[in-house]
Amino acid sequence: MTRRRTARLAASLAALAAALAGCSSRTNVAATGNSPALYTHVYITAQAVWFNNSATAGPDDAGWVKFTPSTPVTVDLVADSGGNFANLATDLRLTPGSYSQLRLIPVDASVPLTASAETLGAQYNMEADCLDGSHNTQHLPLEVLNPDKGLGIQASLRVPFSNIGAAFGAANTGATATPLAATGTTVSATSTSTTSTTAEFGLAFDGARDLTAFNFGGTGAVCGDTVNGVLLSSHAGAYDLSRSGGIQGQLTLTNVTLPASANGTTGLEVAAESLSADGTRHFVVARAPVASDGSFTLYPLAANSSNNTSYDLVIHGRGIATIIIRSILIPATGSRGVSTTGTSTSGTTTNPDTSPITPANLVSVGTLTPRTASTYTTNIAAAGAALPAGAEVAFYQTLPSSGEVPYVIEAAPIDPFNQVLANAQPLSNGTVDSGTYVSSGATITTVSAAPTEGAGAYQVAASAPLYADGLLGVAVSATTPAPVPVGTLTLAAGNSAAQVSVSVQVTAGKYSNGELMLSQNGQLIASAPLDPALVAGGGTVQLAGVPAGTPASVYYVSVRAWCSGATGAKCTGTPTGTLTRQWYPDAVDLRSARSASVDVSIN
């Protein structure tokens, strides 16, 4: 090859690299959710979406590509569920490549109501609504931990190249992102024929895991129980819809009587489960509600050539015998994305990217008929050694066949401040129906049998982010439904224990009670009572055993304080039951340290 040809090739490669660096692809982000039947609405309002190539980047680290739509967007995780999506942001111009983390920046409940939340009937930007004993709606602000840092969501997202030819014909501005309005727009067609593909990403919020009900005291009961607050401790998932599929089916409910639910659904859930890495149990990948007509759509689920292993489906809830369908294979997908083509040199083409997401690549388990089963309720006993504040308690059953391991049948997060379940957990008191998936739509034959634990009996164990799963073996049944003692958890492999010392400054007597909370990516990790420091007008609060020593060991602090009105609890200038929340911008960095000190002032 001559030097001239080599030079021309080098120049061409450089031009190609510059063009690829400067081009961007349309990207849409939509949201769906699952919410327990006691909630009539769960509103989440977002003001920005960020992307990063690093899975461990903290909110203050470099590398974030940030988009701020022209107006905030509100979704309702009750309405936007069961295969229904709401667009959070559309027409984001994102550089092609792979992204390992997405961060959603919410609009906190404490700031003035946005137009999008008001349009949906919300009273707060972040809100969880439920019905009290008189069937009156209670509008509860949905608390977010350190809302300024957002909800970090692990992802494996791929943005394809939109139009290389167009990139060569356009000037390279060096910009990596162009934020556009999250409402309908038009795209100008400036070439004779241009084609672009839109990357579609879906966020899935699981309210059964993410909505943590609690009682902070002083205001009495709401929603028919002792709950008077709801915290969003987000474990949301992000899905590349070009590599996703789902499971749908139909339940015949004519022979069962189900209790009334607040949100009009059946109160039943379906859960896709996979085998844990150590092979000792199943874990929940995603959940969806069963609609009032008995239909369900569980979407999105990962389904690509490198991850097309099967899911097991668990259908459960108050009033029915649990159904488990094994080995549901979602086939690998081809490319998915909205392709748009412009054919006029001066006309415009309406942007289809604002159209609702339609679930695709679905397989069907056909029609199933659940059996009636009685129900009992239980709770956990507050342990001497407290569970991590972000823990979830799961109730497991095992099919009576060789080689089977336990399935999660029911699960709920603990009240992080009282170390019990905020609402007693209903459990089906009967045998389990099980069958094996054959092909999409084919009839599945089920058999009824008592699980290994016994009819209506369960194993109970806790789990939490950054901790190893709790030991199985603790039992509960209808004959022994008393509060169950659940063992504490140990740190996950690769983590070491650290201590965080928090120096609290506050006016003595302004508050009687409070909680210090430590979060990571919007998930609650640890908490400690602030009561002694509040009463004394200051002091040091210790958080011991905090997970540390990994690239993701970056945390943020927030506090909540209130006047309980209890006997002897006198507060100056703070009405009884009034809750004050504050969060602090400085990171608690334990990536290479085993201790940290933080100063907080509670105003």
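Tabulated data for the structure shown
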item: Matching strands (runs of 3 or more DSSP E) fully within segment 486-569 where at least 1 residues are farther than 29 Å from PRO106 by Cβ; result: 496-505, 538-548
item: Matching entry among SER428, SER440 (being within 29 Å of the chain's Cα centre (by Cα) and crowded, with 22+ Cβ neighbours inside 10 Å); result: SER428
item: Among (1) β-branched (Val, Ile, Thr); (2) more than 29 Å from GLY514 (Cβ to Cβ); (3) not in a loop (DSSP other than H, G, I, E, B) - the single one THR443 does not satisfy; result: (3)
item: Qualifying residue in segment 530-550 (condition: modelled with pLDDT of 95 or more, surrounded by fewer than 18 Cβ atoms within 10 Å (Cβ to Cβ), out of contact with any strand residue (DSSP E or B) (no Cβ under 8 Å at 6 or more places or on another chain) and outside the structural domain of PRO147 (by TED's automatic domain parsing)); result: yes
item: Segment 317-333, residues that are farther than 15 Å from GLN425 by Cα and not in a loop (DSSP other than H, G, I, E, B); result: ILE323, ILE324, ILE325, ARG326, SER327, ILE328
item: Of all residues in segment 501-514 being surrounded by fewer than 21 Cβ atoms within 10 Å (Cβ to Cβ) and under 33 Å from the mean Cα position of the chain (by Cα), the one that is nearest to ARG581 (Cα to Cα); result: SER503
item: The listed residue being on the phi < 0 side of the Ramachandran plot, at pLDDT below 50, β-branched (Val, Ile, Thr) and assigned by TED's automatic domain parsing to the domain that holds ASP61, out of THR137, THR183; result: THR183
item: For ALA422: the one exception among (1) at pLDDT 90 or above; (2) out of contact with any Lys or Arg (no Cβ under 9 Å at 6 or more places or on another chain); result: (1)
item: Near pairs, Cβ below 8 angstrom, 6+ apart or cross-chain, from segment 468-491 (among the small types (Gly, Ala, Ser) and at pLDDT below 90) to any residue that is part of a loop (DSSP other than H, G, I, E, B) and surrounded by 14 or more Cβ atoms within 10 Å (Cβ to Cβ); result: GLY487/ALA383; GLY487/GLY470; GLY487/LEU471
item: Count of residues meeting criterion [of a type outside the set (Ser, Thr, Tyr), at pLDDT below 95 and within 21 Å of GLN419 (Cβ to Cβ)] in segment 492-515; result: 3
item: Counted residues, segment 392-426 - those being farther than 20 Å from ASP312 by Cβ and of a type in the set (A, V, I, L, M); result: 7
item: Selection count where residues are more than 18 Å from SER35 (Cα to Cα) and in contact with a strand residue (DSSP E or B) (Cβ under 7 Å, 6 or more places away or on another chain), scope segment 284-308; result: 2
item: Of all residues making up segment 358-389, the number that are assigned to a loop (DSSP other than H, G, I, E, B), in contact (Cβ under 8 Å) with a residue 24 or more places away in the chain and not β-branched (Val, Ile, Thr); result: 14
item: Candidate set: segment 276-315, residues that are outside any loop (DSSP other than H, G, I, E, B) and among the charged types (D, E, K, R); chosen: the one farthest from SER434 (Cα to Cα); result: ARG287
item: Matching residues in segment 31-53 - criterion: being farther than 30 Å from GLN425 by Cα and surrounded by 24 or more Cβ atoms within 10 Å (Cβ to Cβ); result: ALA46, VAL49, PHE51
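One line per residue, one yes/no per condition, for (1) within 22 Å of SER274 (Cα to Cα); (2) modelled with pLDDT of 75 or more; (3) surrounded by fewer than 16 Cβ atoms within 10 Å (Cβ to Cβ):
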position: THR340; (1), (2), (3): no, no, no
position: SER344; (1), (2), (3): no, no, yes
position: THR349; (1), (2), (3): no, no, yes
position: ILE357; (1), (2), (3): no, yes, no
position: TYR396; (1), (2), (3): yes, yes, no
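The values are calculated or read from the model by the stated rules, or taken from the named source; none is laboratory data. Since the model is a prediction, treat every value here as computed from it, not as a measurement. Glycine gets a Cβ as well: all are built from the backbone with ideal geometry, and neighbour counts include every protein chain shown.
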